[in-house]
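Quick notes on the structure that follows.
Readers should treat all values here as calculations from the given coordinates under stated rules, not as data from a laboratory. Because the structure is a prediction, the values reported are computed rather than measured. Using ideal geometry, Cβ is built from the backbone for each residue, glycine included, and neighbour counts are taken over all protein chains shown.
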Amino acid sequence: MNDTDYSISRVRAIVAEVLVLSPDEIDPNEDFVKRFQADSLNLIEIVAQVEKQFQVVLPPSELKQANSVTALCELAARQTA
């Protein structure tokens, strides 16, 4: 498992926990709001958990585009680079 796969699986687990779903139900490319009906509080919790897990601060100006597991992983990776 490479770093990207590991990151995606970690973020998938976070999203699944916050949205009360199984990680297997989370497609990494699906939109949190459109596909999983995440509300603003869910999104805040997801971001907070990702920041804590990866020890990064995600810029608020870029969060709107981080609307899937893959996009959120890419954003977190850019903050650690």
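Structure summary
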quantity: Cα-projected label distance for Gln53 with Glu25, points at 7 Å along beta-carbon direction, nm; calculated: 1.7 nm
quantity: Label-point separation, Glu17 to Lys34 (7 Å along Cα→Cβ), nm; calculated: 2.8 nm
